[in-house]
Amino acid sequence: MPASAPSAPITVTLSRGSLVESRHSVHAVLMNAEGKVTASYGDAARMTFTRSTLKPLQALALMESGAAAAFALSDAEIALACASHNGEDLHVQAVAAWLARIGLSEDDLECGAQVPYIDAAATARPLANNCSGKHAGMLTLALHMGFDIKGYTQENHPLQKMILGTIAQVCGEDITPACCGIDGCSAPNPAMPLSALAHGFANFMQVESLSFQRGTACRHLFQAMVDHPMHVAGTGRLDTLLMQAAKGKIMCKIGAEGTYIAVIPEHDTVIALKTEDGAGRAGQAALYGLLQKHTLATEETLDAIRPTALPVLKNWRGTETGVTDVIWS
């Protein structure tokens, strides 16, 4: 079978005792910098809402426009523009300071109030929304371009037209109102073939062949994320753990409903995946399995993320009750 030929989806199982209790199917595509599919599992053409995996591509317009430079964004703030963060003090305080510096406040965020992932007993607020960094980036771009900031999350707002136009270019996919949904944070979120999402991130591995602006933007975004993994996600999160363990060699980003991307320039590989039933636990396990099967991460890196990606299941007393496994059909 050729490497690019599709195969059965990846199967992730959760067992209790000696029996499989739950089973998840995962679609995945691996692509090189030239846009060639090198391996696929399930349907590489599956129409997929990109969810928060899209954030680094949404941030491209922020970088290419000169807005990030004009407002002197730090690399930590650029990482926050790509983040689905926990709402820890680190995140909330950084986004609040960023907004204050550009003359705005929490009230200008249109992402909605959210209880922070890190503390379910805390008060819901827009700054704690996992997407507040992305929205701070969008507001920064709107100010730089002279756009009205009111309604900046609407699909017909010039800001979103600019962002979606950039995404369409890098993914090689037309983005129309028919393929756009509304994300959890109220911004437009396009659906596209899983392979098109991978194609968008292949740009991060071929910066020399891009325009100077785009190549510089991709390089800067990659470096900001791998240098500031705590800002991208936070305590105990796989994105943070993987980027910390990989020491700058892997950029990764989770999205809701079991979506994931990982960019591994050292091995000329992008991974894009989607769990059929939207289970995030299955997406994390499948990412681990792909990194291991295709020798895309060191054993040291795999060891560091295994407890999170392939957790041993325990009950409230700490008794081991089952395991998570990745099955290659």
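Here are a few things to note about the model shown:
- Taking residues in segment 37-48 that are on the phi < 0 side of the Ramachandran plot, and partners anywhere that are modelled with pLDDT under 95 and of a type in the set (S, T, N, Q), the pairs with Cβ atoms closer than 6 Å and at least 6 places apart or on different chains are VAL37/SER4; TYR41/SER7.
- The set of residues from segment 211-254 being under 19 Å from ILE271 (Cα atoms) and basic (Lys, Arg) comprises ARG219, ARG237, LYS247, LYS249, LYS253.
- Taken together, the residues in segment 281-298 that are polar (S, T, N, Q), without any contact (Cβ under 8 Å) to a residue 40 or more places away in the chain and either in a helix (DSSP H, G or I) or open to solvent by less than 10 Å² (accessible area, probe 1.4 Å) (or both) amount to 1.
- Test: residue in segment 270-280 that is open to solvent by 10 Å² or more (accessible area, probe 1.4 Å), within 20 Å of ILE10 (Cβ to Cβ) and aliphatic (A, V, I, L, M): yes
- Filtered residue count, segment 246-269, keeping only those that are open to solvent by less than 10 Å² (accessible area, probe 1.4 Å), farther than 22 Å from GLN206 by Cα and in contact with a Gly (Cβ under 6 Å, 6 or more places away or on another chain): 1
- Residue match in segment 16-38 (condition: closer than 30 Å to ALA142 by Cβ, modelled with pLDDT of 95 or more, of a type in the set (S, T, N, Q) and not in a loop (DSSP other than H, G, I, E, B)): no
- Within segment 119-143, the set of residues being touching a residue at least 40 places away in the same chain (Cβ under 8 Å) and polar (S, T, N, Q) comprises ASN129, ASN130, SER132, THR140.
- Candidates MET243, MET225, MET205 - the one that is touching a residue at least 12 places away in the same chain (Cβ under 8 Å) and open to solvent by 20 Å² or more (accessible area, probe 1.4 Å): MET205
- Condition broken by GLY137, with the remaining ones in (1) out of contact with any Gly (no Cβ under 8 Å at 6 or more places or on another chain); (2) under 19 Å from ILE254 (Cα atoms); (3) open to solvent by 20 Å² or more (accessible area, probe 1.4 Å) satisfied: (3)
- Summed over segment 208-221, the residues that are open to solvent by 10 Å² or more (accessible area, probe 1.4 Å) and either charged (D, E, K, R) or in a helix (DSSP H, G or I) (or both) give a count of 8.
- Residue in segment 89-98 that is in contact (Cβ under 8 Å) with a residue 60 or more places away in the chain and surrounded by fewer than 19 Cβ atoms within 10 Å (Cβ to Cβ) present: yes
- Verdict on THR301 being assigned to a helix (DSSP H, G or I), touching a Leu at 6+ places or on another chain (Cβ under 9 Å), open to solvent by less than 50 Å² (accessible area, probe 1.4 Å) and more than 17 Å from GLN58 (Cα to Cα): yes
Here is a yes/no grid of residues against (1) open to solvent by less than 30 Å² (accessible area, probe 1.4 Å); (2) under 18 Å from ASP227 (Cβ atoms); (3) out of contact with any helix residue (DSSP H, G or I) (no Cβ under 8 Å at 6 or more places or on another chain):
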{"residue": "SER22", "(1), (2), (3)": "no, no, yes"}
{"residue": "MET31", "(1), (2), (3)": "yes, no, no"}
{"residue": "ALA39", "(1), (2), (3)": "yes, no, yes"}
{"residue": "PHE49", "(1), (2), (3)": "no, no, yes"}
{"residue": "ALA79", "(1), (2), (3)": "yes, yes, no"}
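- Set ALA245, ALA224: member being in contact with a Cys (Cβ under 9 Å, 6 or more places away or on another chain), part of a helix (DSSP H, G or I) and over 29 Å from ALA45 (Cα atoms): ALA224
- The set of residues from segment 233-248 being under 13 Å from the mean Cα position of the chain (by Cα) and among the polar types (S, T, N, Q) comprises just one member, THR240.
The values are calculated or read from the model by the stated rules, or taken from the named source; none is laboratory data. On a predicted model such as this, the values are computed, not experimentally measured, just so you know. Every residue, glycine among them, receives a Cβ derived from its backbone with ideal geometry; neighbour counts consider all protein chains shown. Surface areas here come from the heavy atoms of the whole protein model, side chains and all, with no ligands, DNA or RNA. Shrake-Rupley method; radii C 1.70, N 1.55, O 1.52, S 1.80 Å.
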